[in-house]
1. Mind listing whichever residues of the range 349-367 are surrounded by fewer than 16 Cβ atoms within 10 Å (Cβ to Cβ) and within 16 Å of the ligand (Cβ to nearest atom)?
2. Condition test on Val207, is it of a type outside the set (D, E, K, R), outside any helix (DSSP H, G or I), surrounded by fewer than 24 Cβ atoms within 10 Å (Cβ to Cβ) and touching a strand residue (DSSP E or B) at 6+ places or on another chain (Cβ under 6 Å)?
3. Out of all the residues in the range 278-303, which are within 20 Å of Val356 (Cβ to Cβ), under 22 Å from the mean Cα position of the chain (by Cα) and either of a type outside the set (A, V, I, L, M) or away from the ligand (no atom under 16 Å from the Cβ) (or both)?
4. Looking at Val325 and the list (1) in contact with a strand residue (DSSP E or B) (Cβ under 7 Å, 6 or more places away or on another chain); (2) on the phi > 0 side of the Ramachandran plot, which single condition is not satisfied?
5. Somewhere in the range 159-167, is a residue more than 21 Å from Asn130 (Cβ to Cβ) and touching a Cys at 6+ places or on another chain (Cβ under 8 Å)?
6. Please find, within the range 139-182, the residue that is surrounded by the most Cβ atoms within 10 Å (Cβ to Cβ) out of those that are in a helix (DSSP H, G or I) and acidic (Asp, Glu).
7. Under 6 Å by Cβ, and 6 or more places apart or on different chains, what pairs join a residue from the range 327-343 that is touching a residue at least 24 places away in the same chain (Cβ under 8 Å) and under 16 Å from Ser219 (Cβ atoms) with one that is of a type in the set (Phe, Trp, Tyr) and outside any strand (DSSP E or B)?
8. Name every residue in the range 370-385 that is within 16 Å of the ligand (Cβ to nearest atom) and either assigned to a helix (DSSP H, G or I) or within 20 Å of the chain's Cα centre (by Cα) (or both), in order of residue number.
Amino acid sequence: MTSPTRVLVLNSGSSSVKYQLLDMRDSSRLAVGLVERIGEQTSRLEHTCATSGETREQTGPIADHDAALKAVAEELSRDGVGLDSPELAAIGHRVVHGGMFFTEPTVIDEAVLTEIERLIPVAPLHNPANLTGIRTATALRPDLPQVAVFDTAFHTTMPESAARYAIDPKLADRHRIRRYGFHGTSHAYVSRRTARLLGKDPSEVNVIVLHLGNGASASAVAKGRCVDTSMGLTPLEGLVMGTRSGDLDPAVIFHLARVGGMSMDEIDSLLNKRSGLFGLCGDNDMREIRRRIDEGDDEAALAFDIYIHRLKKYIGAYFAVLGRVDAVAFTAGVGENAAPVREAAVAGLEPLGLAVDGGLNAVRGGGPRLISPPSARVAVAVVPTDEELEIATQTYELVGKKS
Ligand code: AMP
């Protein structure tokens, strides 16, 4: 029999499961879907058979992750690509926090599960949901390799000077406080894909990756290795995001508690869920913000300016960290689609060798592409991210090596 070539990628959130089934012979999608609002009366499953293009939708209560995954398995079976297929090589799980321990994709066993569980205090929202997804998938196919691909892994190459906060190292170590960084699979994929776009090997180029989605992070990648990134202990640090504040003086928190009378939970919720673009202007969708700016809305304009100012500071900082920069790559929802953000982020940075060609920047959609003029010293690129493909590739490589 020929070796199995399919990988199922699962991204389990607290009330949702996103999934893709890929054939690794050509990285093609066989099925794509999601189950959302798990545990509610209004759960919804949307499944697309990528080969036929047919989309099916189910609504109604799906009690838990176990029921969700069984429903997904049924949908896959209806398309003839069920979980019981001998062509399935492995299941790749997105795991948000791998701490310092997991520097690479890892085949999951009991010891790995225990370690992911031990990291729950630093990822209370994400790791429990990821664990539930792993346990449910393992129960469905106990014989199949289950692989964890960690959002933090790509950033474990950061030097201590970038990874540590300036606090007592013993206290920091006791509580596992350090800068871990997130969106690692995206930064890994986009930095490598950018190198390919330049016709170079990743080991030959230095890239600044700007992952601008609802969550947003920047990374400095030197010769294929991450040397700095903007998110820290949690995904709250760094850039202005859809609903997260990003960087602020930590004393703002003491001030809100002492003077504003807010509890820690209230401040946590404020900074994670009601800040960033949303906190500044009431909208977190860049399309809506641009529309409001076009209508002369000052609140939206200020939110945009603060977003861009922060982005520019990180671009400048990562020029200093890297010394030489070959490319700046924009990715994720905002980075891939919002030409005004790309234009504004680079405006005024010509002395650093950065420029955007208005015509190229205005082109919508499409694959990885350069938007800088050919004469520019530093390439500016739009590189659509593909975290599922990256998780599937890492999973397949690992399982291939072991078999
Ligand atoms: P992501 O988290 O990568 O899915 O990105 C989601 C965000 O991308 C949304 O909240 C929007 O702010 C932004 N976005 C998506 N499409 C567009 C678009 N066509 N123009 C501007 N922003 C967009």
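Here, each number is a calculation from the coordinates, and none is a lab measurement. These figures come from a predicted structure and were not determined experimentally. Here the Cβ is made from the backbone with ideal geometry for all residues, glycine too, and neighbour counts use every protein chain on show.
1. Ala362, Val363, Arg364, Gly365, Gly366
2. On the way: of a type outside the set (D, E, K, R): yes; outside any helix (DSSP H, G or I): yes; surrounded by fewer than 24 Cβ atoms within 10 Å (Cβ to Cβ): no; touching a strand residue (DSSP E or B) at 6+ places or on another chain (Cβ under 6 Å): yes.
No.
3. The answer is Arg287, and nothing else.
4. Single failed check for Val325: (2).
5. No, every residue in the range 159-167 fails to be more than 21 Å from Asn130 (Cβ to Cβ) and touching a Cys at 6+ places or on another chain (Cβ under 8 Å).
6. Per the stated criteria, the residue is Asp173.
7. none
8. Of all residues in the range 370-385, those within 16 Å of the ligand (Cβ to nearest atom) come to 371, 382-385.
Those that are within 16 Å of the ligand (Cβ to nearest atom) and either assigned to a helix (DSSP H, G or I) or within 20 Å of the chain's Cα centre (by Cα) (or both): Val382, Val383, Pro384, Thr385.
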